[in-house]
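Enquirer: Input: one structure, supplied below.
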Amino acid sequence: MKLTTCNSRPASGARNGSIRNDRAPLGSRSGLTSWGALSQADLPPGPNQNNQIAPGTGVALKAGMTKAGASLISSLLVMAVGCGVGDDDGGGGDPDPNPNRLKCTAAFTLSGTFTEGSPARPVGQGGCWPVGTWTFTATVNNTADVLDITGDGQGDRCGEVSGTTPPTVESSYSFQVNRVEDPSMDGLVESYNYLGSSPDFLRVHVSEGGAGDCEGTMEFVSQDAKQWWIFKPDQAGTTINGSGEYNLYLEPRPF
C-alpha cells in the first residue's frame, strides 16, 4: 500500500519523494522532549510564580524554546501525520539490464603475420618494436563467451538473437607502423597507415603489452554508428594472434 507523499523539500541526504528516517526517537530530535508533562523545574518563571500546569496537560517544548522553534516543530509534526512511512517513491527500482543499449554481440579469433619494417629493432632493444606491416584475418568464434544482455543467463550472440545475423568481416586486415626521427625533438615519431579500403575504418594504435611483444587496437564503425568491430592483434616475432569483438547497438553510438 502506498501512502501519501508530501510535496516538501527533502532533508539533506534524503531522496526526492521520501522522508529521511534517522531512526532516533522523535523526542530526541529538534528540541522535542519525550511525550508527557514536563517537571515544574523545566518551566521558565512567569507571572504565576507557582508555575502550575493543569493536570493531564502534555507538553512537547523544552524551556527556552522560541516561537520560531515551536512553529518549526509544529510543521514537522504536521508532516509526520500527513506523510506517514510508506513505499519509497524516490524513483527506485530494478537497474536497467541493458544500459549500453546493445542488441547482440559476437567474438573473433585473429591470426596473421608481422613483417618487420625500417628502422629495424636496434640490437639489444627489448619490449615492443611495432615497426612493420601487420596483416591478419578475423574469424567469428562461436564458442567464445559473449555478453548476456537480457539477463536470462545466456549470451546474446549475433546470428542467434531474433532479427540479427552474424557479423561480416573483410577478407583480411592490414596496417603499417612507421617510426622516423623528429628533427625538432630527441626521439622517434610513430605513425600508422591503414592499408585497406573499408569506409568503416575508424582508427588504429599499437602499444606494449598484451599476449605478445606488442598489442594493436584496430576499430571499424558502420556508417550509421550502430555496428562496431574492435580487433586486438597481438604480435610476437613474426606471428600475430589475438581476439576481437563485434557489438550491434539499438541506437547510434558516439565516437
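Enquirer: Just order 185-196, 236-247, 154-165 by mean Cβ neighbour count inside 10 Å, highest at the front, would you? Intermediate values should be presented prior to the final figure.
Expert: Values: 185-196: 11.5, 236-247: 17.8, 154-165: 14.5.
Most protected by this proxy first, the peptides run 236-247, 154-165, 185-196.
Enquirer: While we're looking at this one, here's another question. Rank the residues 149, 230 as a footprinting-exposure proxy: fewest other Cβ atoms within 10 Å of their Cβ go first.
Expert: In increasing order of surrounding Cβ atoms, one gets 230, 149.
Enquirer: Compactness ratio of segment 133-219: Cα Rg over 2.2 N^0.38 Å, N = residue count? Display every interim value, and only then the final one.
Expert: On the way: Rg = 18.1 Å, N = 87, 2.2 N^0.38 = 12.0 Å.
So segment 133-219 has a normalised radius of gyration of 1.51.
Enquirer: Further question: Which ³J(HN,Hα) values in Hz, rounded to whole numbers, follow from the phi angles of segment 230-241 under the Karplus curve 6.51 cos²θ - 1.76 cosθ + 1.60, where θ = phi - 60° and Gly and Pro get x?
Expert: Computed from phi, the couplings for segment 230-241 are 10, 10, 10, x, 10, 9, 9, x, 9, 10, 10, 10 Hz.
Enquirer: Enumerate the amide H contacts of residue 250 below 5 Å, restricted to partners 5 or more residues apart or on another chain; note that Pro and chain-start residues carry no placed amide H.
Expert: Counting only residues 5 or more places away or on other chains, the set is 102, 103.
Enquirer: Could you give the nm distance between label points at residue 116 and residue 133, where each point is 7 Å from its Cα heading toward the beta carbon?
Expert: Using points 7 Å along Cα→Cβ, the separation is 1.7 nm.
Enquirer: How would you rank 182, 148, 94, going from fewest to most other Cβ atoms within 10 Å of each one's own Cβ?
Expert: In increasing order of surrounding Cβ atoms, one gets 94, 182, 148.
Enquirer: Under 5 Å between amide hydrogens, which residues at least 5 positions from residue 164 or on another chain qualify, with H placed 1.01 Å from N in the peptide plane?
Expert: HN-HN under 5 Å from residue 164: 159.
Enquirer: Let me ask something else about it. Quick query: amide H of residue 236 versus all other amide H atoms, modeled in the peptide plane; which residues come in under 5 Å with a sequence gap of 5 or more or a different chain?
Expert: Close amide H contacts, sequence-distant or interchain: 213, 241.
Enquirer: Compute the distance in nm between two label points, each set 7 Å from the Cα along the Cα-to-Cβ direction, one at residue 164 and one at residue 145.
Expert: A separation of 1.7 nm, rounded to one decimal place.
Enquirer: Rounded to the nearest 0.05, what FRET efficiency do residue 188 and residue 225 give with R0 = 25 Å and r taken as the Cβ-Cβ distance? Could you check?
Expert: 0.15
Bear in mind that the values in this text are calculations on the coordinates, not laboratory data. Please read these numbers as outputs of a predicted model, since none were measured by experiment. Glycine gets a Cβ as well: all are built from the backbone with ideal geometry, and neighbour counts include every protein chain shown.
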